[in-house]
Amino acid sequence: MDAILVVLIMVVILFGPIALIGWACVRTFRNRNRPVGVSAVLPWPPAESAPRVLAEVTPLLQDWGYAPATQGEAAISFTKSYRPAWLIVPCVFFFPLGLLSLLYSRTVALSFSLPARSSGSDVVVSGMAPARLAEQVSRTLAELGASSRA
């Protein structure tokens, strides 16, 4: 019974850090931030479009950890601070000094600009976000523009 316990502890000690590194790599590549280039056309002028866009995208972006940073008549920006998943590696392999790596964090921004057009406004989204979030923002803005025409 003692031999089985010793083997089990050795397996956990040897393969635990490898499993953590694998998890960090998968998480990093799955949710990697990419440049966003989304645009949509809305029938309202920027002064009317900004509150509508803000009301539609704020809950979505808050689900992803973004917080409103600035809001103007023709521009809205959101920011997100996070610790990359790869920080697990120095924490595990260089413990206890590796814990200092937890002081590192990244900040990404996502901006919505609403330039005026002759018949409404464009919504141009730029910044860095995961691909799934960019797809959801694109879909939300398309639905907002389509619901205004219906």
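The values are calculated or read from the model by the stated rules, or taken from the named source; none is laboratory data. From a predicted model like this one, the values you see are computed outputs, not experimental measurements. So basically every Cβ, Gly included, is an ideal-geometry build from the backbone, and we count neighbours across all protein chains shown.
Quick notes on this one:
- Candidate set from segment 97-121 (those that are at pLDDT below 85 and of a type outside the set (Ser, Thr, Tyr)); member that is surrounded by the most Cβ atoms within 10 Å (Cβ to Cβ): 120
- Failed item, numbered, when residue 133 is tested on (1) at pLDDT 85 or above; (2) aliphatic (A, V, I, L, M); (3) closer than 20 Å to residue 55 by Cβ; (4) in contact with a strand residue (DSSP E or B) (Cβ under 7 Å, 6 or more places away or on another chain): (4)
- For first residues located in segment 5-26 and closer than 13 Å to residue 86 by Cα and small (Gly, Ala, Ser), partners that are at pLDDT 70 or above and surrounded by 10 or more Cβ atoms within 10 Å (Cβ to Cβ) and lie 6+ apart or on another chain with Cβ distances below 6 Å form the pairs 24/85; 24/86; 24/88.
- Of all residue pairs spaced 6 or more apart or on separate chains, those with beta-carbon atoms under 8 Å, a first member in segment 84-108 that is touching a residue at least 12 places away in the same chain (Cβ under 8 Å) and a second member that is of a type in the set (Ser, Thr, Tyr) and in a loop (DSSP other than H, G, I, E, B) are 84/104; 87/104.
- Single unsatisfied condition, residue 60 versus (1) more than 17 Å from the chain's Cα centre (by Cα); (2) of a type outside the set (S, T, N, Q); (3) under 25 Å from residue 105 (Cβ atoms): (1)
- Of residues in segment 44-66 being at pLDDT below 85 and not polar (S, T, N, Q), the one nearest to residue 83 (Cα to Cα): 50
- Screening the candidates 38, 12, 7 for the property of being part of a helix (DSSP H, G or I) and modelled with pLDDT of 75 or more yields one hit, 7.
- Segment 57-81, subset farther than 22 Å from residue 46 by Cα and not aromatic (Phe, Trp, Tyr), residue surrounded by the most Cβ atoms within 10 Å (Cβ to Cβ): 80
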